[in-house]
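J.: Quick one: structure below, then a few questions.
The values are calculated or read from the model by the stated rules, or taken from the named source; none is laboratory data. Here the structure is a predicted model, which means the values were calculated and not measured. All Cβ positions, even for glycine, are placed from backbone atoms using ideal geometry, and neighbour counts span all protein chains on display.
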Amino acid sequence: MAQISKNARAASATQRFECPCGGEVKMKSVFAKGKLRYVAECGTCNRQERRPSDFR
Ligand SMILES: [Zn+2]
């Protein structure tokens, strides 16, 4: 039986967030006022939030 360390995977993998609509939230880089910043965007409803955790 193969054992997979859940802790090791969680530490290295990118966190995943879900939009209330059921879509997947992805980080996206956007240029605004000469600065590169990241926004979280839902791929399904195109909703954007400043942080992935704001989708909850
Ligand atoms: Zn959505």
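J.: If you go through segment 39-56 one residue at a time, how many are modelled with pLDDT under 90 and assigned to a strand (DSSP E or B)?
T.: Number satisfying all stated conditions: 0.
J.: Specify the residue that is surrounded by the fewest Cβ atoms within 10 Å (Cβ to Cβ); the eligible residues are those in segment 15-48 that are among the charged types (D, E, K, R) and within 10 Å of the ligand (Cβ to nearest atom).
T.: Applying the filter and picking the extreme gives 24.
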